[in-house]
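Below is one structure, written out as C-alpha cells; comments come after it.
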Amino acid sequence: MSLSVIDLGVLGAAALAAGAVNALAGGGTLITFPALTAVGVPALNANITNTVALSPGYVGGTLAQRADLTGQRARVRAVAIPAIVGGLVGGALLLVVGAATFRALVPWLILLATALLAIDPIAKRWVRVRVSHPRAHGSLALTGLVAFVGSVYGGFFGAGLGIILLALYSLVVPDTLLRINALKQATSFAANVAAALFFVFSGQVVWEAAIVMAVGALVGGTLAGRIVRFINPTALRAVVVVIGLVVAIVYFVT
C-alpha cells in the first residue's frame with residue numbers, strides 16, 4: 001500500500017510520542033498501533049509493522065540496564081533461547097490466525113494492554129513485596145518456561161509484555177527488583193527482535209511506515225531523557241490508559 005506524506009507525518013509523530021511514553025511510563029503501542037490503522041493500514045499489517053518499527057528501542061533499554069545483568073549469566077542463558085523461540089512462535093501464530101481473526105481480537109488485546117498498564121503501579125508494589133521475601137533458590141528451567149510463555153504473547157501482540165514478565169519472574173527468580181527488571185528487559189529484547197526479524201520476511205511489513213516510525217521512536221526515547229524531570233509518569237500513564245480505553249471502544253463499535 002502507498003502512504004501519503006501526511007500519513008507518514010502522522011505516523012512519525014505518533015512514534016515520537018510512543019518512544020517518549022515508553023521511556024517515561026510505558027504503553028507506547030497504544031499510540032502507534034491505532035495511528036497505523038487510522039491511516040488505512042490493515043490491523044494485521046499494522047501489528048507487524050509496529051513490532052518491526054519499535055524493536056530497536058529494546059536495544060537501548062537493555063544496554064541501559066546491562067549493569068544489573070552482571071552475575072546473571074546463567075539466567076540470561078536460560079531465558080535467551082526460550083525468549084527467541086517464544087517470539088518466533090508468537091509471530092508465526094499471528095500469521096496463522098490471519099487478518100480477520102486478528103481484527104476481531106484487536107479490541108480485546110487493546111483492553112488487555114490498557115488494563116496491564118493501569119495496574120502497573122499496583123503490580124510493581126506487589127513485586128517489591130514479593131522480592132523482599134525471596135525463596136532461597138530459583139529454578140532456571142522454570143525461569144526459561146516463564147520467558148517462553150511471555151515471549152509467545154510478545155511475538156503475537158506484545159503491549160504489556162514487560163508487566164507480565166516482571167510479575168511472573170518475581171515468582172520464580174529470587175533476586176532484587178532491579179535485577180529482575182533487567183532480566184525482563186533482556187527477555188523482551190530477545191522476543192521482540194526475534195519476532196521482528198521473522199516479520200521482515202513475512203511480506204506483511206509496510207516498510208515506509210516502519211522506517212519513519214523507527215526514527216520517530218528513537219528520537220522520542222532520546223528526548224524523554226531530557227524532559228523526564230518535568231513529566232509526572234503517573235499522570236502520563238493515566239492519559240495513555242484513557243487513550244487505550246477510547247481506542248478499544250472505537251474498535252468494538254467499528
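Specify the residue that is surrounded by the most Cβ atoms within 10 Å (Cβ to Cβ); the eligible residues are those in the stretch 174-207 that are at pLDDT 85 or above and part of a loop (DSSP other than H, G, I, E, B). Per the criteria, the residue is Val206. Filtering the stretch 1-20 down to residues that are small (Gly, Ala, Ser) and in contact with a helix residue (DSSP H, G or I) (Cβ under 6 Å, 6 or more places away or on another chain), which residue is farthest from Ala43 (Cα to Cα)? Out of the qualifying residues, it is Ala20. Here Val146 clears all of (1) assigned to a loop (DSSP other than H, G, I, E, B); (2) touching a Leu at 6+ places or on another chain (Cβ under 8 Å) except the condition numbered (1).
Under 9 Å between Cβ atoms, which residue pairs at least 6 apart in sequence (or on different chains) link something in the stretch 213-231 that is at pLDDT below 80 with a partner that is of a type in the set (Val, Ile, Thr) and part of a helix (DSSP H, G or I)? Sorted first by the residue in the stretch 213-231, then by its partner, the pairs are Ala224/Val21. Within the stretch 232-254, if we keep just the residues that are modelled with pLDDT under 80 and not aliphatic (A, V, I, L, M), the residue that is nearest to the chain's Cα centre (by Cα) turns out to be Arg237. Taking the stretch 162-193, which residues are closer than 30 Å to Ser4 by Cα and hydrophobic (A, V, I, L, M, F, W, C)? Hit for the stretch 162-193 is Val193, nothing else.
In the stretch 87-123, the qualifying residues are those that are β-branched (Val, Ile, Thr) and closer than 22 Å to Phe189 by Cα, and the one that is surrounded by the fewest Cβ atoms within 10 Å (Cβ to Cβ) is Val89. Within the stretch 166-173, not a single residue is surrounded by fewer than 16 Cβ atoms within 10 Å (Cβ to Cβ) and assigned to a loop (DSSP other than H, G, I, E, B).
The values are calculated or read from the model by the stated rules, or taken from the named source; none is laboratory data. None of the values given here were measured: they were computed from a predicted structure. Glycine gets a Cβ as well: all are built from the backbone with ideal geometry, and neighbour counts include every protein chain shown.
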